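I have placed the structure first, in the form of structure tokens, so that the comments after it can refer back to it.
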Amino acid sequence: MVFLGIDDGWTKSPEAQDWLVQHKLPFTLFLENDAVKDNYGYFKTLQQAGMTIQDHTLTHPNLAKLTLDQQKAEICGAADTYQNVFGARPTLLRPPEGGFNAATQQAAAACGLKAVIMWHAKANGGAMQFQDGNQHLLPGDIVLMHFRPEFLQDMDAFMKQVQQDHLQVARLEDYL
């Protein structure tokens, strides 16, 4: 199994939404509230297609540079908003830019989140990018992707890599 988390939410293309709804894959959406608040309906449609809404903060700061109280405001603010808007409270946090520290873990726990999620590979610019010298996906890898103009090219690169590595996409929340 391999997992895909799609971050932010700035680009809301109808083509990406159509692809996601048509394929109904169990992706995890780590949404930044500033990026999605102008069109929650776009992401409600994705949620109804089987994707889960998780926390990527209100404004996308480097959490490691904030105080504990500032981190709580960012994390709890997004979690509270998503609970109200999407009807389910996030349980996972993806820290923006991967910046986090012990205070982030404390803030996430205080906000009711269960885990801080990082990544092992990225689908970016229509290609896969790997960490740790790998050239393919490994079982259990978490892949990072973004809602960007090149979304469909990134998704194509990800899906081809999954197939090439003989893996299946699974819902991250089901394995934590």
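Miscellaneous remarks
- Residue in the stretch 150-159 that is loosely packed, with under 12 Cβ neighbours inside 10 Å and either closer than 20 Å to LYS24 by Cβ or not charged (D, E, K, R) (or both) present: no
- Restricting the stretch 76-90 to residues that are among the small types (Gly, Ala, Ser) and either within 20 Å of MET118 (Cβ to Cβ) or buried (at least 16 other Cβ atoms within 10 Å of the Cβ) (or both) leaves a set whose member that is farthest from the chain's Cα centre (by Cα) is GLY77.
Let's see how each residue does on (1) within 17 Å of ASP8 (Cβ to Cβ); (2) among the β-branched types (Val, Ile, Thr); (3) in contact (Cβ under 8 Å) with a residue 24 or more places away in the chain:
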site: HIS56; (1), (2), (3): yes, no, yes
site: GLY77; (1), (2), (3): yes, no, yes
site: GLN83; (1), (2), (3): no, no, no
site: ASP132; (1), (2), (3): no, no, no
site: ILE142; (1), (2), (3): yes, yes, yes
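- If you check ALA115, ALA73, ALA102 for being among the aliphatic types (A, V, I, L, M), surrounded by 13 or more Cβ atoms within 10 Å (Cβ to Cβ) and more than 16 Å from the chain's Cα centre (by Cα), only one passes: ALA73.
- Tally, over the stretch 4-23, of residues that are under 11 Å from MET145 (Cβ atoms), not acidic (Asp, Glu) and not in a helix (DSSP H, G or I): 3
- Screening ALA35, ALA49, ALA64 for residues that are in contact (Cβ under 8 Å) with a residue 24 or more places away in the chain, touching a Phe, Trp or Tyr at 6+ places or on another chain (Cβ under 8 Å) and surrounded by fewer than 17 Cβ atoms within 10 Å (Cβ to Cβ) leaves exactly one candidate, ALA64.
- Cross-chain or 6+ apart pairs with Cβ under 6 Å, the stretch 3-15 first and over 17 Å from PRO95 (Cβ atoms), then of a type in the set (D, E, K, R) and assigned to a loop (DSSP other than H, G, I, E, B): THR11/ARG148
- Restricted to strands (runs of 3 or more DSSP E) entirely inside the stretch 60-176, no element has at least 2 residues that are modelled with pLDDT under 95 and hydrophobic (A, V, I, L, M, F, W, C).
- Count of residues meeting criterion [surrounded by 12 or more Cβ atoms within 10 Å (Cβ to Cβ), over 19 Å from GLN153 (Cβ atoms) and either charged (D, E, K, R) or touching a Lys or Arg at 6+ places or on another chain (Cβ under 7 Å) (or both)] in the stretch 118-142: 1
The values are calculated or read from the model by the stated rules, or taken from the named source; none is laboratory data. All of these numbers come straight from a predicted model, not from anything done at the bench. FYI the Cβ positions are ideal-geometry reconstructions off the backbone, even for glycines, and counts take in every protein chain you see.
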